[in-house]
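The structure appears right after this line, and notes come after that.
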Amino acid sequence: MTQTSHNNTYDYIIIGAGSAGCLLAKRLTENPDKRVLLIEAGKNDNYIWIHIPVGYLYCIDNPRADWRFRTSNEVGLNGRSLIYPRGRVLGGCSSINGMIYMRGQSGDYESWVTATGDDAWSWKNALKRYKQIEDYHSDANEWHGKGGEWTVSKQRLRWPIMDVFRQAAVQAGIPASDDFNRGDNFGVGYFDVSQRAGWRLNTAKAFLRDAAKRSNLTVITEAMVTKLKINPVSKNCYGVEYLRNGIAAEAICAIDRGGEVLLAAGSIGSVQILERSGVGAATHLANLGIPVISDVPGVGENLQDHLQLRMIYKVNGIQTLNTKANSLFGKMMIGLEYVLKRSGPMSMAPSQLGAFAYSSPEQKSANVEYHVQPLSLEKFGEDLHSFNAFTASVCNVRPTSRGSVHIHSVDAEAPPVISPNYLSTDEDRKIAAESLRLTRKIVESAALKPYMPDEYKPGKQYQSDAELIKAAGDIGTTIFHPVGTCKMGRAEDPMAVLDSELRVRGVHHLRVVDASAMPTITSGNTAAPTMMIAQRAAELLTGE
């Protein structure tokens, strides 16, 4: 092995052991001659609630697994601030997310090609990467791969109320679907999930567990990267500085051997580290007294996220999780079913049934996504309602609103200012009103009639466009998909932070490999696309 005499010198330094970082660590250590360091701010993923699917309820907003960020008070949400979960643990957001396996639609990737000028990001090329990573629940086919590290499973439960909602959606003109990952998602059906035998699958389990056995990988947890080491003259990024147990330390990247620093800290974390290191908008950095290494005005801009509008319907004559989980006997039976069979409510992803639909006939492809749940609650973290109800959350999967995230202190532990700017465009407000009307149309279908659905939230009193937009602001909440804050783009795009190969503008030996690289958000859940981006980075770095 070609090791330098310095034991803190590495060929690759990966910052963040999340959806991208763990995959990168596995791929880059396949060459035994490359020394790789993976640095994670959070702890090991040996917390039981990470691995039980329903445990996301106990991980989100819990400092054991979450950074516990919040948004600014949002004008579009009628002045409300939202919790903004981001994984702070091995596996990152894959340890606390909704476990839905979703690639987005083919048009998303064609828009990346337009934004970057690079056909490597086309749907056809992205599909090859997805298939390499995947271990799909049925045979390999033109859409799915077998034998990869990432298990894609069918869910291990059904709910009568979900089946009824699916029938109602079909009656409303949305076709039944058994696979949301073929490039056109129009349809209704149960989501595929990132689980293995009823347990959550996170990227630490899927990729890091094997890689950690290799002598050329070093993993450091509970280490906060304070800044990147960048030579202000040559603009070479040659290492990182971090704090562990209150002690400052550094790691050096062997750039003379083609080494690189790979920032995989996510759409929030990667921005914080770049800005603390002097890479960002010069005026903002100067205001904080940070010496400017590279004036890149796009850092922290272009924040995109999916806002879900949670409509709740009371029902009669059919059981939902609300009443099943509200009795001691019901809770015992739920626990017993999971212990004995790894099935039932404790094996549930937060959303079981999905649908993609057109909010209006003028849309060119399905532009809204439903996450339907056999339960209801006032807000996340509170108890389920005492009455039977289901929740139909609908989100605009191609929002035009753009927000930002920026540091306001050089202190690495200080939370950033996160301003998603939800519902700030006329188009997003129009689609919000259309979405609420579409949900009502589905619920009014014949299949649901016997159960007398009654709109509990937002309530039938909201009818006009203005009233529905106000209602959307009241019931809207993040579905935890922030992307785009270090977007890829063409050389002539002044707001592009990265080139099409994920390299940071104006700095050498530094790439950003996470969801922040997306020029535009994918139409659906963002964990799988983040892994696909990491797979692309691995191809570029290994030359495969």
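Side notes on the structure shown:
- In summary, the convex hull built on the alpha carbon positions of region 418-534 has an orientation-averaged projected area of 10.2 nm².
- When the convex hull of its Cα atoms is projected in every direction, mean area for region 350-392 (nm²): 3.8 nm²
- Angle in degrees between helix 465-475 and the longest Cα principal axis of the chain, rounded to the nearest 10: 60 degrees
- Each of PRO453, PRO482, LEU384 was scored by the projection of its Cα onto the charge dipole of region 381-486, and the greatest displacement toward the positive side belongs to PRO453; charges sit on the C-beta of Lys, Arg, Asp and Glu.
- Principal axis box of region 159-310, alpha-carbon based, largest edge first, Å: 64, 43, 31
- Dividing the Cα radius of gyration of region 42-100 by its Kirkwood radius returns 1.06 for Rg/Rh.
- Residue-wise HN-Hα couplings along region 417-423, as the Karplus relation 6.51 cos²θ - 1.76 cosθ + 1.60 with θ = phi - 60° gives them from phi, are 8, 10, 10, x, 6, 4, 6 Hz; Gly and Pro carry x.
- Kirkwood Rh, angstrom, region 475-544 [1 / mean 1/r, Cα pairs]: 12.9 Å
- Once the gyration tensor of the Cα atoms in region 283-359 is diagonalised, the equivalent ellipsoid follows with semi-axes of 48, 20, 13 Å, ordered largest first.
- Rounded to the nearest 10 degrees, the inclination of helix 160-171 to the longest alpha-carbon principal axis of the chain is 90 degrees.
- Net length gained if the chain between LEU57 and ILE318 were fully extended (0.36 nm per residue, minus Cα distance): 91.5 nm
- In this label model, THR425 and ALA282 are separated by 3.0 nm, measuring between points 7 Å along each Cα→Cβ vector.
- Taking each of LYS43/LYS205; LYS43/LYS154; LYS34/LYS213 in turn, the alpha-carbon distance tops 19 angstrom for LYS43/LYS154.
- Computed over region 367-486, the alpha-carbon pair-distance distribution with 5 angstrom bins reads 2, 9, 17, 20, 18, 14, 9, 6, 3, 1, 1, 0, each value a whole percent.
- Volume per residue of the C-alpha convex hull in the chain, rounded to whole Å³: 143 Å³
- Region 193-254: radius of gyration over Cα atoms, expressed as a fraction of 2.2 N^0.38 Å: 1.56
- Across the chain, Cα pairs under 8 Å and at least six residues apart give a relative contact order of 22 percent.
- Principal-axis tilt of helix 527-542 within the chain, Cα atoms, nearest 10 degrees: 20 degrees
- DSSP bridge orientation in the chain - percent antiparallel, rounded to nearest 5: 70 percent
- Scaling against 2.2 N^0.38 Å puts the C-alpha radius of gyration of region 24-178 at 1.32.
- Net lengthening on full extension, ASP179/ARG490 (0.36 nm per residue, minus Cα-Cα): 108.6 nm
- For region 1-149: relative contact order, % (alpha-carbon pairs under 8 angstrom, 6 or more apart): 16 percent
- Cα convex hull of region 1-71, projected area averaged across orientations, nm²: 6.5 nm²
- Label positions at LEU377 and SER409, each projected 7 Å from the Cα along the C-beta direction, are separated by 2.9 nm.
Read-outs: derived from the displayed coordinates by stated rules, not from any lab. Here the structure is a predicted model, which is why all the values come from computation and not from measurement. Counting neighbours? That spans all protein chains shown, and the Cβs are built from the backbone with ideal geometry, glycine included.
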